[in-house]
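S.K.: My questions will all concern the structure given below.
Taken together, the values in this text are just the output of simple stated rules run on the coordinates, not laboratory data. The structure presented is a predicted model; accordingly, all values stated were derived computationally and were not measured. We place every Cβ from the backbone using ideal geometry, glycine too, and count neighbours over all the protein chains shown.
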Amino acid sequence: MSEEQNVGAQRTNFLQSLAYVTKVISVPVFAVLLAVLIGAIILFVSGASPIEAYSALIKGSFGDIDAFTRTLEKATPLVFSGLAVAFAFKAGLFNIGAQGQLLFGAIVAAFLGFAIDGLPAYIHAPLALLGGALAGALFAAIPGALKTYTGAHEVITTIMLNYVAINLTDYLADGPWKDASPGNVVARTPKIFDTAVIPDIGGFPVGFLIALLFALLIWWLLEHTTLGFEIRTVGQNPDAAEYSGVKVARTIILAMVISGFIAGIGGAVETQGVVGRYQPGFNVGLGFDGITIALLGKTNPFGVIPAAILIGAMEAGSSQMQFSADVAKEIVDVIQALILFFIAADIIIRWLLRIEEEEEGVKLTTGWG
């Protein structure tokens, strides 16, 4: 092949890759824009200025260094919950239980943070982080085993186990692990020791760096390991995977365990890097937001990161929008719901953009059997 032909082939490959990337990101980007547009109409009808409201939202999330670090702080547990849901998707599993797994990770990390004293920070902080991750993994193993050995669908079991997690962690925070400090009347654990805290570096949350590292690790596991290949194969066609020698039952349980491990780390990072203790109500919705983030990121570990930053920015800037533009905070929830709607019902976006159906879309579940 001549040099000119080689250059031409490289240019063609580049243009094809660029066209593919554009096609992949066009649906989530347009879903966000459409949700923002409908949100603007709602703001206008309610008597508020959409321009003023969205300007306040951007200022509250990216207006200065403090706002930006607050956005990253909000986005950190969302990256983990999004990765947890996206990882389960790869195995054809719909892990709605990331919320419960995150809660268990958060409270176990809090327990290890306040119950153990005298350890150096380089041991205490990782120990609490690992404890939270294992708690989430063990809790996720339950629906994985139920699906494998009884046929119980993970959507049902994870939804029900969320209620178990919520009530059990509430009991622990208001019972045996309650903060016994004089004057405390609320349900919460004691503050964790400083040695268990995940610090900030110059105001930048270290937890976000851990989240980025995990996104890279999950991508590598899925794309460059035998286990990742088996998980993706089971997600695409479990019958074909079993015929080719993949142990489907083991792979399903392992996928749920890893998914719960990731969600548990998200809860631990929230406890050790943001709240400093476990308190019911501080972690509400983080696991459920992972569904939106995983779909918005097209279940790609790297796509989860900007999706989490977007949702984190909306959370961080909602207060500024509320006070500066006199807009109800629930408007942000409406916009998030619209994003999820347009991503889940992407046929609407594809019709508007005249995009043909992809050969391989996001498969939410392998069925009810």
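S.K.: Which value at 222 nm does the chain reach when only helices count, each DSSP H run of 4 or more adding -39,500 (n - 2.57), with the total divided by all residues and rounded to the nearest 500 deg cm²/dmol?
M.R.: On the way: 14 runs with 268 residues, N = 369.
Rounded to the nearest 500, the figure is -25000 deg cm²/dmol.
S.K.: Any idea what % of Cα-Cα pairs in the stretch 47-327 are farther than 37 Å?
M.R.: 15 percent
S.K.: Taking other Cβ within 10 Å of each residue's Cβ, how do Met160, Met256 sort, fewest first? Intermediate results must be reported in sequence, preceding the final value.
M.R.: Values: Met160 14, Met256 31.
Ranked by crowding around the Cβ, least crowded first: Met160, Met256.
S.K.: OK, next. What net charge is computed for the residues neighbouring Gly266, neighbours being all others with C-beta under 15 Å from the C-beta of Gly266, Lys and Arg scored +1, Asp and Glu -1?
M.R.: On the way: positive: Lys74; negative: Glu73, Glu270, Asp289, Glu315.
Summing Lys and Arg as +1 and Asp and Glu as -1 gives -3.
S.K.: Can I ask one more? Find out how many positive minus negative residues lie around Gln336, taking Lys and Arg as positive, Asp and Glu as negative, among other residues whose Cβ is under 15 Å from that of Gln336. Present the calculation step by step, with values, prior to reporting the outcome.
M.R.: Values: positive: Lys74, Lys329; negative: Asp289, Glu315, Glu330, Asp333.
Combined, the nearby Lys, Arg, Asp and Glu give -2.
S.K.: As an exercise, use a Förster radius of 41 Å and the Cβ-Cβ distance of Tyr149 and Val185 to find the FRET efficiency, rounded to the nearest 0.05. Write out the running numbers ahead of the final one.
M.R.: Numbers: r = 44 Å, r/R0 = 1.08.
After rounding, the FRET efficiency stands at 0.40.
S.K.: By how many nm would the segment from Tyr122 to Leu209 lengthen if fully extended, with 0.36 nm per residue of separation less the alpha-carbon distance? Intermediate values should be presented prior to the final figure.
M.R.: On the way: separation 87, 0.36 × 87 = 31.32 nm, distance 1.65 nm.
Between Tyr122 and Leu209, full extension yields an extra 29.7 nm.
S.K.: Sticking with this structure for a sec: For Gln279, what charge total do you get from the other residues with a beta carbon under 14 Å from its beta carbon, if Lys and Arg give +1 and Asp and Glu give -1?
M.R.: Numbers: positive: Lys178, Arg188, Lys191, Arg277; negative: Asp170, Asp174, Asp179, Glu270.
Summing Lys/Arg as +1 and Asp/Glu as -1 gives 0.
S.K.: In what sequence do Val79, Val284, Val155, Val332 fall when counting other Cβ within 10 Å, fewest first? Mind showing how you got there, number by number?
M.R.: Details: Val79 31, Val284 11, Val155 18, Val332 21.
Ranked by crowding around the Cβ, least crowded first: Val284, Val155, Val332, Val79.
S.K.: Another question, if that's okay. Taking the beta-carbon count within 10 Å as an exposure proxy, list Thr150, Thr169, Thr233 from fewest neighbours to most. Display every interim value, and only then the final one.
M.R.: Values: Thr150 9, Thr169 24, Thr233 20.
By the 10 Å Cβ count, ascending, the order reads Thr150, Thr233, Thr169.
S.K.: Remind me, relative contact order of the stretch 190-305 in percent, using alpha carbon pairs under 8 angstrom and six or more residues apart?
M.R.: Numbers: 77 pairs, mean separation 37.2, N = 116.
Taking the mean separation of contacting Cα pairs over the length of the stretch 190-305, I get 32 percent.
S.K.: Moving to a separate point now. So what's the convex hull volume per residue for the Cα atoms of the stretch 64-126, in Å³? If you can, show how the numbers build up before the last one.
M.R.: Numbers: hull volume 8.1 nm³, N = 63.
Dividing the Cα hull volume of the stretch 64-126 by its residues yields 128 Å³.
S.K.: Let me ask something else about it. So for the stretch 47-327, averaging the separation of alpha carbon pairs under 8 Å that are six or more residues apart and normalising by length, what relative contact order in percent results? Please list the in-between numbers first.
M.R.: Numbers: 566 pairs, mean separation 118.7, N = 281.
About 42 percent, as a whole number.
S.K.: I've got another one for you. Pulled fully out, how much extra length does the chain show between Phe288 and Trp219, if you take 0.36 nm times their separation in residues and subtract their Cα-Cα distance? Walk me through the intermediate numbers first.
M.R.: On the way: separation 69, 0.36 × 69 = 24.84 nm, distance 2.17 nm.
The Phe288-Trp219 span can extend by a further 22.7 nm.
S.K.: Between the stretch 163-203 and the stretch 283-302, what is the separation of their alpha carbon centroids in Å?
M.R.: 25 Å
S.K.: Over the stretch 43-138, what is the relative contact order in percent, taking alpha-carbon pairs closer than 8 angstrom and at least six residues apart? Can you show the working numbers first?
M.R.: On the way: 56 pairs, mean separation 18.8, N = 96.
Averaging sequence separation for qualifying contacts and normalising by length gives 20 percent for the stretch 43-138.
S.K.: With only Lys, Arg, Asp and Glu charged, each at its Cβ (+1 for the first two, -1 for the last two), find how big the charge dipole of the chain is about the Cα centre; round to the nearest 20 debye. Show your work: numbers first, answer last.
M.R.: On the way: 19 positive and 29 negative charges, 76 e Å.
Computed charge dipole of the chain: roughly 360 debye.
S.K.: Give, in nm to one decimal, the length gained when the segment between Gln236 and Ile41 is fully stretched (0.36 nm per residue of separation minus the Cα-Cα distance). Provide the component values of the computation, followed by the final result.
M.R.: On the way: separation 195, 0.36 × 195 = 70.20 nm, distance 3.98 nm.
Length difference between fully extended and current span is 66.2 nm.
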